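Please treat every number below as a calculation from the coordinates, not as lab data. These numbers come from a predicted model, not from an experiment. Quick reminder, even Gly has a Cβ in these numbers, built from the backbone with ideal geometry, and neighbours come from all protein chains shown.
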Amino acid sequence: MINRSNFGLNRIICSNYNLKDLFQLANELELNYIELRNDLPGKGITDSLSANKIKKLAKQNNLQICSINALQRFNDPEELKKIKDNLLNLLNMAREINCPAINVIGYVEPLGFKSSSLSSVITAMKAIKEVGYEGYKIVFDTFHHAIGPDNLEKFSDEYDVKLTGIIHISAVTADLSPEEYRDEHRNIDFLNDKMKSKEQIEYFVKRGYDSIISFEPFSRDLQELDKEELKNRINMAIKHLIPEITV
């Protein structure tokens, strides 16, 4: 069973906020998790705040920093040296701010875009099992699942839900075909969601998933909302997602 405490915020939901405001937002919403990012222009991972300051902010707001998004192009052999350097930087940052995600767990997130070299969650799962290292987990993203090659029927036969570490959730309401979906279309209007993200979450919960569900919408309209309206939208999203999930 899941409840409000399972939910968290990926920083992209309000990328214009500084970290203090982001942490306060999550605390006021009574959420438990924050995902930081290393791809926001001009911000860096910690807005140039010290590791001690970040840990203090997290403790004051009763939050766990559950991941740092992301090690890009990690399977590109032509970028191997750069990837290793980036990984070491992320590992050091994770240790300094008490983030377990990269320090202990390596989250692998397949991207459903046709240009992605790893678009299938099932393929990623099989690779992790073949490697045999227990420190890897899957990030299941409802957006990338909707546009990727897998389907829930196939999951029933092949996917091991226990390998899921985080679920990224967003909605798409634009009148487009799945092939046209892009990050900027991702919002949190799950009542009108064409991707059926709620049904995707229910699939996991019914099979024992009880870990982190992180909102990761990229919609500029959502990012530009004032704080109270953003809180209202997030509360509406949770209220819509939780009742039938927890039955």
- Hey, how many Å between the Cα centroid of the stretch 118-138 and the Cα centroid of the stretch 1-41? 26
- DSSP bridge orientation in the stretch 4-245 - percent antiparallel, rounded to nearest 5: 10
- Message: Cut-off under 19 Å on the C-alpha distance; same-chain residues fewer than 8 positions from residue 114 excluded. Which aspartates and glutamates are left, in chain and number order?
- Response: 76, 141, 150, 179, 180, 183, 184
- Query: If the cut-off is 29 Å between C-alpha atoms, which lysines fall inside it for residue 227, apart from same-chain ones fewer than 8 positions away?
  - Reply: 20, 43, 53, 55, 56, 59, 194, 196, 198, 239
- Dimensionless Rg over Rh [the chain; C-alpha; Kirkwood]: 0.94
- Message: Per residue of the stretch 170-177, what does 6.51 cos²θ - 1.76 cosθ + 1.60 with θ = phi - 60° give for ³J(HN,Hα)? Whole Hz please, x for Gly and Pro, Karplus curve as stated.
- Response: 7, 10, 10, 10, 5, 7, 9, 7
- Note on the structure: Comparing 216, 109, 78 in a Gaussian network model of the chain (Cα, 10 Å), the one with the largest mean-square fluctuation is 78
- Note on the structure: D (µm²/s, integer) via Stokes-Einstein for the stretch 1-126, Kirkwood Rh across alpha-carbon pairs, 20 °C, 1.002 mPa s: value 136
- Task: Take the Cβ-Cβ distance between residue 96 and residue 235 as r, set R0 to 35 Å, and report the resulting FRET efficiency rounded to the nearest 0.05.
- Result: 0.60
- Would you pull out the residues with amide H under 5 Å of residue 168's amide H, same chain only if 5 or more places away, H placed 1.01 Å from N? 140, 141, 142, 214
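Show me the ranking of peptides 151-160, 60-69 by mean Cβ neighbours inside 10 Å, starting with the highest. Could you put the intermediate results ahead of the total?
Details: 151-160: 13.2, 60-69: 19.9.
So the peptides 151-160, 60-69, ranked by packing, come out 60-69, 151-160.
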